[in-house]
Amino acid sequence: MELSNLTPNKGSIKSKKKRIGRGQGSGKGGTATRGHKGAKSRSGYSRKLGFEGGQMPLQRRIPKFGFKNINRVEYQPVNLDALQLLVDNKKVKKKIIDINTLIENRLVGKNDLVKILGRGDLSSPIKVEAHKFSETAKKAIEKAGGEIKTI
């Protein structure tokens, strides 16, 4: 081994980046590997999202439809059978079901608005607090001897 034949380990040195557009002598001059003319050969070109070469893009070909009501209020539904299950499993204190009881039993999230719906039967008289009630739920709760409180 002599100083004249020393070489770095394979993979330890990265090959130099191709310098394109630096004159004809480099072999990568002239069009600088960009082909001839057109938008793609120009500097600063970036294709718009959804561009289809001048053809009408898909998002403009398909018709618009629908409507999003920005004033819609989303309620989390809870049915009477779920409330009766809470009473049966003795998860209710003093026969009062409020938002905190529903959150503790993971029926609703802490930021949800709650609407009580009328599916199922209610046999025990309970006081229910919620943001909204359906007509059938109101009748069923009052028929069972309970009370309704709208928050």
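The values are calculated or read from the model by the stated rules, or taken from the named source; none is laboratory data. The model shown is predicted, which means the values in this text are computed figures rather than measured ones. No Cβ is skipped: glycine too gets one built from the backbone with ideal geometry, and neighbour counts run over all protein chains shown.
Here are the numbers for the structure shown:
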| read-out | value |
| --- | --- |
| Test: residue in segment 13-34 that is basic (Lys, Arg), surrounded by 13 or more Cβ atoms within 10 Å (Cβ to Cβ) and farther than 30 Å from ILE151 by Cβ | yes |
| Failed condition for PHE67, given (1) over 30 Å from the mean Cα position of the chain (by Cα); (2) part of a loop (DSSP other than H, G, I, E, B); (3) of a type outside the set (D, E, K, R) | (1) |
| Residues located in segment 93-151, provided they are within 23 Å of GLU74 (Cα to Cα), part of a strand (DSSP E or B) and of a type in the set (A, V, I, L, M) | ILE97, LEU113, VAL114, ILE116, LEU117, VAL128, ALA130, ILE148 |
| The lone exception for GLU74 - which of (1) among the acidic types (Asp, Glu); (2) loosely packed, with under 10 Cβ neighbours inside 10 Å; (3) over 30 Å from ARG106 (Cβ atoms) it fails | (3) |
| Selection status of VAL92, over 15 Å from LYS138 (Cα atoms), at pLDDT below 90, touching a Leu at 6+ places or on another chain (Cβ under 6 Å) and not polar (S, T, N, Q) | yes |
| Residue check, SER124 in contact with a helix residue (DSSP H, G or I) (Cβ under 6 Å, 6 or more places away or on another chain) and of a type in the set (Ser, Thr, Tyr) | yes |
| Sole exception among (1) modelled with pLDDT of 90 or more; (2) over 30 Å from ARG34 (Cα atoms); (3) out of contact with any helix residue (DSSP H, G or I) (no Cβ under 8 Å at 6 or more places or on another chain); (4) part of a loop (DSSP other than H, G, I, E, B) for SER46, by number | (2) |
